[in-house]
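Scroll down for the structure; my scribbles are underneath it.
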Amino acid sequence: MKTLPVCVGLLLMLFTWTVCVWADRRRQKRAWIIDSFTIEEENPGPYPYILGKIELNQSYLVRYQLKGQGVDLEPKGILNIDKKGNVLVYGKVDFENKQGIKVLRSTFEAKDKSNDEVDTRLGVHIQILDINDHAPKFQESVYEVTVDESHSQGKTVVTVLASDEDDSRTNNGTFDLTIKSVTPTPDNVKFYIQQQKDVNQQQQQFGKVYFNGCLNYEKAQKYTILVQAKDKGEKIQLSSTSTVIVNILDKNNNLPEFSGKTGPGKVNERETGVEVLRLQVTDKDTRGSEAWKAKYTIHGDKKEQFKIETDPKTNEGILTVVKQMDYEEQTYKNLSISVQNELPYFSCKVKKQVENAKWEVDVIPQNSGMSVENLYNTIPVTIYVEDVNDPPVFIPPVKHVHIMENIAAGTSLTTFTAKDMDGSHTNTFKFVKGEDIDGWITVDAKTGRVSTNKILDRESPFGINSTYRATLYAVDDGVPSLTGTGTLFIHLNDQNDNAPMLEVNTVNMCLDTEPTVANITAVDLDLHPYSSPFNYELLGDVKDKWRVEPTDGTTVSLVKEHSVYSGHHLLQIKISDQQGLSSIQNLSVTVCNCSIAPDCHVRMTRMAQMGPLAAWIVVLTVLIFIAMCLMVLLISCKAERKMIEMDNGIGCLIKTNTENPGTDCMVISSHNPQ
């Protein structure tokens, strides 16, 4: 009985070992086993071909299956597997495919045919191998750039960019940049290129073009450079080119040089704005450019009597006189004129060509201790001054005379002196009165003596601030005759020749029970001390009626007492200046009751203004009345004519010499009718 538990235990142990072995075997069937192959891009076939075989040690029947990239995923239809485990290739692959796939990742499965369960699963990696099927390519087929001919050696001229789509980790994707040709072939400059990889794009490389030496526009205005990019493929090397066009911009590396001069080289004295010389220059730089345009400078002209300008068409320097020159002071003027360009000058010359290094060059002004101004071309010129008839010159040209006003006519004021400055033209001249707007002066034609023509009044409206201005001319007898001008200022001292007068001689005042006041002001044309303050004095019967407060001043108050009645009042006022010169002025005062009619002053003034007119109307009316009475009287005294009746008797005429007093009245007939 004791052996039964032992047997059971042994059976349990055997079962456990069997289960573990089976489980371990099952785990081995499902384990991942990685296998890898390589495939070269663009393989020409024929297809399909065997890429490789997946080996399995199996004692039972299995079925193989392949899926993933190259099979049922892009790029589809490239790979498959047969029943023997051979991996077959059915088409080309491209290393530079759009998807950027460099490794085809697929899965291999072996299934048990009895139950279709996966017995083995493998990860299969197929690496695509690059071949040299792409040449390096430039970003641009043509690069064009413009640089100054003063561009320094060692500075970048232009940068090109090239790339290769092949694998940059192999020689197929690695390339060199070189300069294949330069047209025209230069002797003063050498172009070279330096390349560097783009840190962001391994397939790209930059190429910077430089040069050694000196550019010269006059030797070449343009360089055409052929740049090549060539890879390092082992089986075949591919390449491409790009054209770099370098245009040279002309700068000022040629100084202008004087080639001649034209023009009279002389000027008449006192002439301005006259062109006296034209200076010609030559310049090898491009015509019309700033490097060609000349700029001239005059030296030795301290008085700035000349100016020089550039003719924009011919580039000539035009020398012109801008300030008058005097033959008596100088008969000629020596000048020197330098020329440069509008653009600063530079120069570059190759001293030595050094292999694989910068050349030795001499550059002005950068590396030269020489002043650029010392390089400018200079030409001496002489301008001759020709003598012409000079006008007489007053010495001095302006005179001031101070006199008292009211001096008698004919009083001598001053004598002007003039001189003929000509050295070769000797002329005589006479003095003539010029501007004298109020006829104050006379001038002696021979001596130049100036006298008063009338009594001079400081208060004249033709004087300004007590000063009168007149001019004189000295006229020579040259052909043509010339005139010099002198100016006389007459300053008049004041005299007390004007009495003060009322500024306004009418005053309006209101009737009131209290004294009322109005201001009165006097003026005097004389200056201090012959003017204000004035003394005012009322004349006539003004006691307890009118008074002035204060009695001294320029403006004082006229006080009306309450006893003055309404109406028009004429007052006389004596006004005296500080020296006692006085005048008696009439002051018309209108007084009215302003409380009844505020505009009474206006109405009374109008009535006062109508007084003379009313008097004339009355006189005219009386005259008309008298004329009418006379007419009536004349009509009533006219004799009435009647027919004399004749009787039947014999009548006779009686002669008589008796004359009795007659009458201007009607005569009564002595005949009595029967």
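The values are calculated or read from the model by the stated rules, or taken from the named source; none is laboratory data. The shown structure was predicted, so the numbers you read here are calculated from the model rather than taken from an experiment. Here the Cβ positions follow ideal geometry from the backbone for every residue, glycine too, while neighbour counts run over all protein chains shown. These area figures cover heavy atoms from the full protein model, side chains too; ligands, DNA and RNA do not enter into them. Shrake-Rupley method; radii C 1.70, N 1.55, O 1.52, S 1.80 Å.
One table, with the values for the structure above:
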| item | result |
| --- | --- |
| Under 10 Å, Cβ to Cβ, from P391 - net charge with Lys/Arg +1 and Asp/Glu -1 | -3 |
| Net charge contributed by nearby residues that have their C-beta within less than 9 Å of L249 (K/R +1, D/E -1) | -2 |
| Accessible surface of segment 62-197, 1.4 Å probe, proportion on carbon and sulfur as whole % | 44 |
| Lysines with Cα under 21 Å of K76, excluding same-chain neighbours fewer than 8 positions away | K53, K67, K92, K98, K102 |
| Nearest-20 debye value, segment 37-100 charge dipole, Cβ charges on Lys, Arg, Asp, Glu | 420 |
| Diffusion coefficient, µm² s⁻¹, Stokes-Einstein with Kirkwood Rh over alpha-carbon pairs of segment 107-233 at 37 °C and 0.692 mPa s | 181 |
| Bins of 10 Å from zero: percent of alpha-carbon pairs in segment 26-168 | 10, 31, 22, 13, 9, 7, 5, 3, 1 |
| Unsatisfied cross-links (Cα-Cα over 21 Å) in the set K251/K352; K323/K419; K155/K222 | K251/K352; K323/K419 |
| Cross-link partners of K446 among aspartates and glutamates (Cα-Cα below 16 Å; sequence separation of 8 or more within a chain) | D420, D476, D477 |
| Relative contact order (percent, whole number), segment 335-419, Cα cutoff 8 Å, 6+ residue spacing | 27 |
| Probe 1.4 Å, accessible area per residue of segment 203-269, Å² | 44 |
| Computed over segment 136-229: relative contact order in percent, which uses C-alpha pairs under 8 Å that are six or more apart | 37 |
| Residues of type aspartates and glutamates that K295 reaches as a straight line, Cα spacing below 20 Å, ignoring anything fewer than 8 places off in the same chain | D250, E257, E275, D283, D285, E304, E309, D311, E316, E342, E373 |
| Rule-of-thumb Rg ratio for segment 290-446 [Cα; 2.2 N^0.38 Å; N residues] | 1.99 |
| Solvent-accessible area per residue for segment 59-127 (1.4 angstrom probe, square angstrom) | 52 |
| Solvent-accessible surface (1.4 angstrom probe) belonging to S181, in square angstrom, nearest 10 | 50 |
| Cα gyration tensor shape for segment 423-467, rounded if a/c is under 1.5, else prolate or oblate | prolate |
| Accessible area per residue in Å² at 1.4 Å probe, computed on segment 287-434 | 58 |
| Dimensions (Å) - segment 172-217, Cα atoms, principal axes, largest first | 38, 19, 13 |
| q = 0.27 Å⁻¹: log10 I(q)/I(0) that the Debye formula gives for segment 282-351, counting C-alpha atoms only | -1.23 |
| Taking segment 58-160 and dividing mean pair separation by its residue count, relative contact order in percent (alpha carbons under 8 Å, at least six apart) | 22 |
